[in-house]
Amino acid sequence: MLRVALTGGIASGKSCVLARFAALGIPTVDADALVHEALAAGSPAVPRIVARFGPGVLAADGSADHAALAEVVFNDATARAELEAMLHPEVFRRIDEWFISLPGNRPPSDTGHRTSDGATFAIADIPLLFETRHDGLFDRIVVTVCDPEEQLERLKRRNGMSDDEAR
């Protein structure tokens with residue numbers, strides 16, 4: 001099965017593209033969903049995150065508070081890199097396990113094999129694929145793009161941001 005990565009900038013249409021592939025029966029996984037799981041209560045990453053960023057990033061339910069974390073790392077490249085170093089290895093480990101677990105999986109060089117459900121490829125949506133230097137793990141890469149103004153409008157609508165914040 002070909003390992004395909006889907007990537008692109010924020011609000012560029014990755015989720016829409018991933019949903020379309022999923023609707024066609026192509027196996028898909030979303031790295032952002034795996035990050036959310038890694039930030040959930042009971043995850044081994046949460047105590048490490050709290051130890052590094054303080055109790056203010058812990059939600060009442062024991063999960064990492066996404067908004068509080070974003071506030072800490074949004075404008076601090078060092079803090080963001082430290083958080084990513086805690087989360088990305090686990091996310092990529094789980095993506096690799098997901099690919100391996102798919103029916104009919106095979107080595108990447110065997111391009112003629114189909115899974116029992118007919119799929120010849122599977123897609124992992126990974127927003128920070130190139131930034132994390134994991135692009136070499138995939139047979140193909142699909143990059144979503146859209147008009148920059150549309151991207152800005154999507155970001156503002158989705159996150160309730162002002163024009164300046166979105167830019």
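The values are calculated or read from the model by the stated rules, or taken from the named source; none is laboratory data. Fair warning: this is a prediction, and the values are worked out from it, not measured in the lab. Backbone-built Cβ (ideal geometry, glycine too); neighbour counts: all protein chains shown.
Pairs needed: first member in region 24-42, of a type in the set (Val, Ile, Thr); second member anywhere, in a loop (DSSP other than H, G, I, E, B); C-beta distance under 8 Å; at least 6 residues apart or different chains.
26/119
Just to check your reading of the model, which residue among 162, 116 is modelled with pLDDT under 95, touching a helix residue (DSSP H, G or I) at 6+ places or on another chain (Cβ under 8 Å) and either more than 23 Å from residue 34 (Cα to Cα) or surrounded by 13 or more Cβ atoms within 10 Å (Cβ to Cβ) (or both)? Step through it out loud before you land on a result.
Values: 116 fails: touching a helix residue (DSSP H, G or I) at 6+ places or on another chain (Cβ under 8 Å).
After applying the criteria, what remains is 162.
What residue, among those in region 1-44 that are in a helix (DSSP H, G or I) and not aliphatic (A, V, I, L, M), is surrounded by the fewest Cβ atoms within 10 Å (Cβ to Cβ)?
Among residues in region 1-44 that are in a helix (DSSP H, G or I) and not aliphatic (A, V, I, L, M), the one surrounded by the fewest Cβ atoms within 10 Å (Cβ to Cβ) is 16.
Just one of 69, 2, 18, 87 is touching a Phe, Trp or Tyr at 6+ places or on another chain (Cβ under 8 Å) and touching a residue at least 40 places away in the same chain (Cβ under 8 Å); which is it?
Among 69, 2, 18, 87, only 2 is touching a Phe, Trp or Tyr at 6+ places or on another chain (Cβ under 8 Å) and touching a residue at least 40 places away in the same chain (Cβ under 8 Å).
Name the one entry in 45, 79, 23, 51 that is closer than 30 Å to residue 123 by Cβ, of a type in the set (A, V, I, L, M, F, W, C) and in the same structural domain as residue 93 (by TED's automatic domain parsing). Working first, answer last.
Numbers: 79 fails: closer than 30 Å to residue 123 by Cβ; 23 fails: in the same structural domain as residue 93 (by TED's automatic domain parsing); 51 fails: closer than 30 Å to residue 123 by Cβ.
Result of the check over 45, 79, 23, 51: 45.
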